[in-house]
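To start, the structure under review is shown below, and the notes come after it.
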Amino acid sequence: MTTSFSINFDYRCPFARNANEHVVVGLAAGADWDVRFVPFSLSQVHVEEGDPAVWDDAAKRPELLAVAAGIVVRDRLPEAFGATHLSLFAVRHDDGDDLRDEQVLRAALRRGGADDDLVFKELADGWPFATFRAEHERSVAEHAAFGVPTFVIGEHAAFVRLMTRPAGDGALAIAATELVLGLLTEHPELNEFKHTSIPR
């Protein structure tokens, strides 16, 4: 039976990278999941009271660019989304590059198999930023999402930090994701479980 769930993302977060990579690798390994990848803005979460929303602040537009590009690939080039999603995460977490730089993003899009000219044409039309805002605000309103990564399955939502990446291991990726989904649906009484120290 297919499991439907969503996971949110902002390319700046290493924990979002870990969790999203588990999901992408699991899907590539044949996991029977119907997944919605939902954009979320960490910039918006940190807006000071009384300041304009990031969507309305022209100076903040570059901070939204990478996720908006991911939305274009998700909605217009879905066959390239998995590889491009991971490529956009790699910009910051592997390459140490600037997600606000158009040329850096274009290279990451091409590396993932997406048409960078098409993506930037769609970005110029503006709709990806409107979609970004709508999906972020819906996550906050419907699921009280406050950060990334947040998994949602049915009425259950949880902020989850996976400390490791799957390293291309599809079985590991599926097992880790299924563990998260099982805890969400089968153990709603478990609200917080956090190790007090991290083995080094």
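The values are calculated or read from the model by the stated rules, or taken from the named source; none is laboratory data. Since this is a predicted model, take the numbers as computed values, not measurements. Note that we place each Cβ from the backbone using ideal geometry, even for glycine, and neighbour counts take in every protein chain shown.
Residues of the range 83-103 being buried (at least 18 other Cβ atoms within 10 Å of the Cβ) and under 19 Å from Arg61 (Cα atoms), which ones?
Passing the criteria: Leu88, Phe89, Val91, Arg92, Leu99.
When you go through (1) modelled with pLDDT of 95 or more; (2) surrounded by fewer than 18 Cβ atoms within 10 Å (Cβ to Cβ); (3) of a type in the set (D, E, K, R); (4) more than 16 Å from Asn8 (Cβ to Cβ) one by one for Arg165, which number turns out not to apply?
(2)
How many residues are free of Cβ contacts under 8 Å to residues at least 40 places away in the same chain, outside any loop (DSSP other than H, G, I, E, B) and not hydrophobic (A, V, I, L, M, F, W, C) when one looks only at the range 1-46?
3
If the requirement is being β-branched (Val, Ile, Thr), modelled with pLDDT of 95 or more, under 18 Å from Phe40 (Cβ atoms) and touching a Leu at 6+ places or on another chain (Cβ under 6 Å), which of these qualifies: Val148, Val91, Val180, Val119?
So the residue among Val148, Val91, Val180, Val119 that is β-branched (Val, Ile, Thr), modelled with pLDDT of 95 or more, under 18 Å from Phe40 (Cβ atoms) and touching a Leu at 6+ places or on another chain (Cβ under 6 Å) is Val91.
Scan Leu109, Leu99 and give me the residue that is outside any helix (DSSP H, G or I), aliphatic (A, V, I, L, M) and modelled with pLDDT of 95 or more.
Values: Leu109 fails: outside any helix (DSSP H, G or I).
The unique qualifying residue is Leu99.
Taking only the range 155-200 into account, find how many residues are assigned to a strand (DSSP E or B) and hydrophobic (A, V, I, L, M, F, W, C).
Qualifying residue count for the region: 3.
From the list Val91, Val72, Val152, Val140, which one is within 16 Å of the chain's Cα centre (by Cα) and part of a strand (DSSP E or B)?
Result of the check over Val91, Val72, Val152, Val140: Val152.
Quick check on Val67: is it surrounded by 22 or more Cβ atoms within 10 Å (Cβ to Cβ) and touching a Leu at 6+ places or on another chain (Cβ under 7 Å)?
no
Kindly indicate whether any position in the range 137-152 is surrounded by fewer than 19 Cβ atoms within 10 Å (Cβ to Cβ) and in contact (Cβ under 8 Å) with a residue 60 or more places away in the chain.
Yes, the range 137-152 contains a residue that is surrounded by fewer than 19 Cβ atoms within 10 Å (Cβ to Cβ) and in contact (Cβ under 8 Å) with a residue 60 or more places away in the chain.
Can you name the number of the only condition in (1) more than 28 Å from Asp101 (Cβ to Cβ); (2) crowded, with 19+ Cβ neighbours inside 10 Å that Leu123 fails?
(1)
Touching a residue at least 12 places away in the same chain (Cβ under 8 Å), in a helix (DSSP H, G or I) and more than 19 Å from the chain's Cα centre (by Cα), is that true of Leu118? Please lay out each step first, then the result.
Working: touching a residue at least 12 places away in the same chain (Cβ under 8 Å): yes; in a helix (DSSP H, G or I): yes; more than 19 Å from the chain's Cα centre (by Cα): yes.
In short, yes.
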